[in-house]
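Asker: The structure that follows is given in the form of structure tokens.
The values are calculated or read from the model by the stated rules, or taken from the named source; none is laboratory data. Just so it is clear, the structure is predicted and the values come from calculations on it, not from any experiment. Here the Cβ positions follow ideal geometry from the backbone for every residue, glycine too, while neighbour counts run over all protein chains shown. Side chains are part of the model used for accessible areas, which takes the heavy atoms of the whole protein and leaves out ligands, DNA and RNA. Shrake-Rupley method; radii C 1.70, N 1.55, O 1.52, S 1.80 Å.
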Amino acid sequence: VGCGLSDKPRIYGYTLERHIANLEALMAALGLEKITLVMHDWGGPIGMGYAVRQPAKVRRLVIFNTAAFWLPRIPWFLRLCRLSILGSLVVRRLNLFKRYLTLWAGLCMEIGIVMGKLLTGVIDALS
């Protein structure tokens with residue numbers, strides 16, 4: 001159904017509910033039972049929604065790098081994306097969501113590298 005700047009339907013309800021329903025329809029069409037459901041990134045909330053609705057059809061869950069868990073507060077950039085007109089502009093037209101996350105991930109990696117070097121220096125000094 002498209003993501004970022006990829007091809008996508010012009011009129012489509014990009015809601016969690018819709019994606020869970022799509023997954024339910026796919027699983028029903030394939031006749032899959034007792035599956036190991038692997039969830040990554042945006043698939044986490046979709047897969048968890050499916051597992052809650054269809055617990056008898058899910059044997060195991062594999063969850064990684066996702067926001068499949070309850071958050072006490074939705075981060076501001078996710079709240080921004082939920083605004084109908086502005087969210088559509090930000091996510092679908094300007095692809096800023098991906099750009100923001102890429103920038104944020106790069107910043108976190110840089111901080112991690114610096115912290116790792118500092119920690120290594122401290123360990124070496126104490127050895």
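Asker: Which of the residues belonging to the range 36-55 are under 18 Å from T66 (Cα atoms) and assigned to a loop (DSSP other than H, G, I, E, B)? Let's see the steps before the verdict.
Answerer: From the range 36-55, those under 18 Å from T66 (Cα atoms) are 36-52; that's our starting set.
Within the range 36-55, just W42 meets the criteria.
Asker: Within the range 45-59, count every residue that is touching a residue at least 24 places away in the same chain (Cβ under 8 Å) and over 19 Å from the mean Cα position of the chain (by Cα). Spell out the reasoning first.
Answerer: Taking the range 45-59 and keeping what is touching a residue at least 24 places away in the same chain (Cβ under 8 Å), we get 45-47, 49-50, 53-54, 57-59.
Those left that are additionally over 19 Å from the mean Cα position of the chain (by Cα): 53-54, 57-59.
Within the range 45-59, residues that are touching a residue at least 24 places away in the same chain (Cβ under 8 Å) and over 19 Å from the mean Cα position of the chain (by Cα) number 5.
Asker: E33 is checked against (1) at pLDDT below 95; (2) open to solvent by 80 Å² or more (accessible area, probe 1.4 Å); (3) in a helix (DSSP H, G or I) and fails just one. What number does that condition carry?
Answerer: Answer for E33: the failing condition is (3).
Asker: A follow-up question, please. Output yes when any residue across the range 2-11 is modelled with pLDDT of 70 or more and surrounded by 10 or more Cβ atoms within 10 Å (Cβ to Cβ), and no when none is.
Answerer: Yes: the range 2-11 contains one or more residues that are modelled with pLDDT of 70 or more and surrounded by 10 or more Cβ atoms within 10 Å (Cβ to Cβ).
Asker: Give the residues of the range 56-71 that are modelled with pLDDT of 65 or more, within 18 Å of L16 (Cα to Cα) and out of contact with any strand residue (DSSP E or B) (no Cβ under 9 Å at 6 or more places or on another chain), sorted by residue number.
Answerer: Hits for the range 56-71: nothing passes.
Asker: Pairs, please: C-beta under 6 Å, at least 6 apart or cross-chain, first residue closer than 13 Å to Q54 by Cβ and in the range 18-32, second β-branched (V, I, T)?
Answerer: I20/I46; L23/I46
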